[in-house]
Amino acid sequence: MRTIVMTGGTSGFGELTAREFLATADTRLLLGARGSAPAGAEAVPLDLTSLASVRSFASALSDRLGSDEIDALILNAGVNPPDVEGRTSDGFETAFAVNHLAHYLLARLLLPRLAANALVVLTTSGTHDPAEGAMVPPPRHANAELLAHPERDPEHDAKPRTAAGRAYSSSKLCNILTVRALAIQPEAAAKNLTVLAYDPGPTPGTGLLRNAPTIGRIMWQTFGSLLRRLIRRFNSREAAGGNLAAIALGKVHPPAGHYYAAVRHDELTWLEPSELARDDEARDAMWSDSASMVGLQP
Ligand SMILES: NC(=O)c1ccc[n+]([C@@H]2O[C@H](COP(=O)([O-])OP(=O)(O)OC[C@H]3O[C@@H](n4cnc5c(N)ncnc54)[C@H](OP(=O)(O)O)[C@@H]3O)[C@@H](O)[C@H]2O)c1
């Protein structure tokens with residue numbers, strides 16, 4: 001029996017990934033969810049805007065697992081707030097807290113429950129890389145303290161949507177730095193874990209732009225296939241969800257030395273992340289600063 005634990009499997013392309021897991025023989029799916037989950041999945045309550053909820057989830061999950069171990073941990077949930085004014089119950093900017101910090105804590109809490117040779121995947125975004133030329137402004141730095149409290153950043157963006165876009169892309173940079181840092185932790189090495197970042201590429205038809213201005217939101221959510229005909233680099237939800245499932249189910253493996261999977265024109269590719277994402281000092285600082293924020297030892 002293969003055991004998969006996932007966040008972000010209740011809507012968007014992640015729901016398609018979850019359904020593929022559920023259609024796979026001998027596979028048990030435990031979904032961290034704040035609402036309902038696809039039939040057949042074992043839903044365990046999780047609200048990523050609260051570190052207390054992350055801790056309760058990890059503990060409830062541990063009880064559910066009993067003596068079973070986790071074969072694949074898929075951390076796919078994400079949000080794209082309209083501005084950087086929102087703060088989680090722990091006082092951190094929402095995109096940073098949900099997309100990065102909550103998943104960082106979850107990965108660390110569940111590390112002891114991972115099986116030997118298990119897989120961990122964090123969903124990132126090509127927006128983290130200035131070279132991608134995305135419509136979202138790229139990160140300016142990877143300073144966790146300033147990302148958690150954007151008002152303290154002397155160079156913070158004045159326009160709410162620019163600030164929000166940069167907070168989102170920066171949180172996705174944090175995901176890649178976390179992947180790189182987790183992979184070199186002694187416990188991860190001892191278990192021979194594979195730790196990957198996954199970029200679905202721009203994929204309309206999901207709820208990610210629910211906070212966007214009306215026309216953009218409706219186009220994104222409802223007219224995904226029309227958008228894909230107009231903008232060739234947009235991916236289908238099926239490709240975004242299917243490639244994630246293929247990685248998680250071990251149907252594809254990263255080429256040696258690669259840890260950044262990115263869907264381009266519906267096809268899975270293996271890329272180099274941005275220069276800042278490859279920076280070792282930024283990686284180590286992100287790991288230890290995040291540890292302080294969640295009250296763990298680095
Ligand atoms: N679509 C794209 O173009 C694109 C591109 C690059 C990266 N991504 C990334 O891909 C991932 C999935 O995005 P999507 O486009 O499929 O968006 P989506 O349709 O909005 O799905 C987001 C998922 O995250 C869950 N989630 C959000 N906030 C949560 C919270 N506080 N606690 C627990 N779960 C929460 C949602 O649960 P509910 O069902 O309860 O809302 C949902 O399952 C995200 O990490 C996103 O950043 C997307």
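In the stretch 83-102, which residue that is more than 10 Å from the ligand (Cβ to nearest atom) and under 14 Å from the mean Cα position of the chain (by Cα) is surrounded by the most Cβ atoms within 10 Å (Cβ to Cβ)? Reasoning before the result, please.
Filtering the stretch 83-102 for residues more than 10 Å from the ligand (Cβ to nearest atom) gives 83-87, 89-93, 96, 100-101.
Next, from what is left, pick out any that are under 14 Å from the mean Cα position of the chain (by Cα): 96, 100-101.
Values: Phe96: 25, His100: 30, Leu101: 27.
So the residue we want is His100.
For the stretch 220-269, the set of residues classified as without any contact (Cβ under 8 Å) to a residue 40 or more places away in the chain and among the hydrophobic types (A, V, I, L, M, F, W, C) consists of Trp220, Phe223, Leu226, Leu227, Leu230, Ile231, Phe234, Ala239, Ala246, Val252, Ala256, Leu268, listed by residue number.
The sole residue among Pro200, Pro255, Pro213, Pro186 that is on the phi < 0 side of the Ramachandran plot and at pLDDT below 95 is Pro213. Taking the stretch 226-258 as the range and being surrounded by 18 or more Cβ atoms within 10 Å (Cβ to Cβ) and closer than 19 Å to Leu182 by Cα as the test, the residues that pass are Ile247, Ala248.
Being surrounded by 14 or more Cβ atoms within 10 Å (Cβ to Cβ), out of contact with any His (no Cβ under 7 Å at 6 or more places or on another chain) and part of a loop (DSSP other than H, G, I, E, B) is the filter here; which residues of the stretch 274-287 pass it? Full working, then the answer.
Keep residues of the stretch 274-287 that are surrounded by 14 or more Cβ atoms within 10 Å (Cβ to Cβ), which gives 274, 276-279, 282-287.
When the remaining residues are screened for being out of contact with any His (no Cβ under 7 Å at 6 or more places or on another chain), the result is 276, 278-279, 282-287.
Scanning the stretch 274-287 gives a single hit, Asp279.
Residues that are within 11 Å of the ligand (Cβ to nearest atom), at least 3 per element: which helices (runs of 4 or more DSSP H) completely within the stretch 103-212 meet that? Outline the logic, then answer.
On the way: elements: 144-148, 160-183, 186-190.
By residue number, 160-183.
Which ones in the stretch 1-20 are surrounded by fewer than 24 Cβ atoms within 10 Å (Cβ to Cβ) and not in a loop (DSSP other than H, G, I, E, B)? Show your work before the answer.
The initial filter retains those residues of the stretch 1-20 that are surrounded by fewer than 24 Cβ atoms within 10 Å (Cβ to Cβ), namely 1-3, 10-12, 15-16, 19-20.
If the condition is that a residue be surrounded by fewer than 24 Cβ atoms within 10 Å (Cβ to Cβ) and not in a loop (DSSP other than H, G, I, E, B), then Arg2, Thr3, Gly12, Glu15, Leu16, Arg19, Glu20 are the ones that fit.
Is it the case that the stretch 238-258 has a residue that's farther than 15 Å from Leu75 by Cα, near the ligand (Cβ under 10 Å from one of its atoms) and part of a loop (DSSP other than H, G, I, E, B)? No: the stretch 238-258 contains no residue that is farther than 15 Å from Leu75 by Cα, near the ligand (Cβ under 10 Å from one of its atoms) and part of a loop (DSSP other than H, G, I, E, B).
Filtered by the rule that a residue be β-branched (Val, Ile, Thr), in contact with a helix residue (DSSP H, G or I) (Cβ under 7 Å, 6 or more places away or on another chain) and either within 13 Å of the ligand (Cβ to nearest atom) or more than 16 Å from Leu73 (Cβ to Cβ) (or both), the stretch 8-39 gives a lone residue, Thr17.
Going through Ala282, Ala212, Ala277, Ala256 one at a time, which residue ends up being among the small types (Gly, Ala, Ser), over 21 Å from Arg19 (Cβ atoms) and touching a Lys or Arg at 6+ places or on another chain (Cβ under 8 Å)?
Working: Ala282 fails: touching a Lys or Arg at 6+ places or on another chain (Cβ under 8 Å); Ala212 fails: touching a Lys or Arg at 6+ places or on another chain (Cβ under 8 Å); Ala256 fails: touching a Lys or Arg at 6+ places or on another chain (Cβ under 8 Å).
Answer to the check: Ala277.
Can you work out which of the residues in the stretch 43-82 that are charged (D, E, K, R) and in a helix (DSSP H, G or I) is nearest to the ligand (Cβ to nearest atom)? Explain how you work it out, then say what you get.
Initial filter on the stretch 43-82 (charged (D, E, K, R)): 47, 55, 63-64, 68-69, 71.
The next check asks that each one be in a helix (DSSP H, G or I); those that pass are 55, 63-64.
On the way: Arg55: 14, Asp63: 19, Arg64: 17 Å.
The selected residue is Arg55.
One residue alone among Arg87, Arg2 is closer than 23 Å to Ala183 by Cβ and basic (Lys, Arg), and that residue is Arg2. Here Ala131 meets each of (1) hydrophobic (A, V, I, L, M, F, W, C); (2) touching a residue at least 60 places away in the same chain (Cβ under 8 Å); (3) touching a strand residue (DSSP E or B) at 6+ places or on another chain (Cβ under 9 Å); (4) under 30 Å from Lys251 (Cα atoms) with one exception, condition (3). Given the structure, is Arg140 basic (Lys, Arg) and farther than 27 Å from Arg264 by Cα? So Arg140 fails the test.
One residue is enough: does the stretch 187-194 have a residue meeting the conditions β-branched (Val, Ile, Thr) and out of contact with any strand residue (DSSP E or B) (no Cβ under 6 Å at 6 or more places or on another chain)? It would help to see each step written out before you state the result.
Pass one, the stretch 187-194, residues β-branched (Val, Ile, Thr): 194.
This time we only want the ones that are out of contact with any strand residue (DSSP E or B) (no Cβ under 6 Å at 6 or more places or on another chain), so: none.
Checked against the condition, which is being β-branched (Val, Ile, Thr) and out of contact with any strand residue (DSSP E or B) (no Cβ under 6 Å at 6 or more places or on another chain), the stretch 187-194 yields no hits at all.
Arg217 passes every criterion in (1) free of Cβ contacts under 8 Å to residues at least 12 places away in the same chain; (2) surrounded by 15 or more Cβ atoms within 10 Å (Cβ to Cβ); (3) within 16 Å of Val121 (Cβ to Cβ) apart from (3).
The values are calculated or read from the model by the stated rules, or taken from the named source; none is laboratory data. Please read all numbers here as calculations on a predicted model, not as lab measurements. Here Cβ is always computed from backbone atoms with ideal geometry, including for glycine, and neighbour counts include all displayed protein chains.
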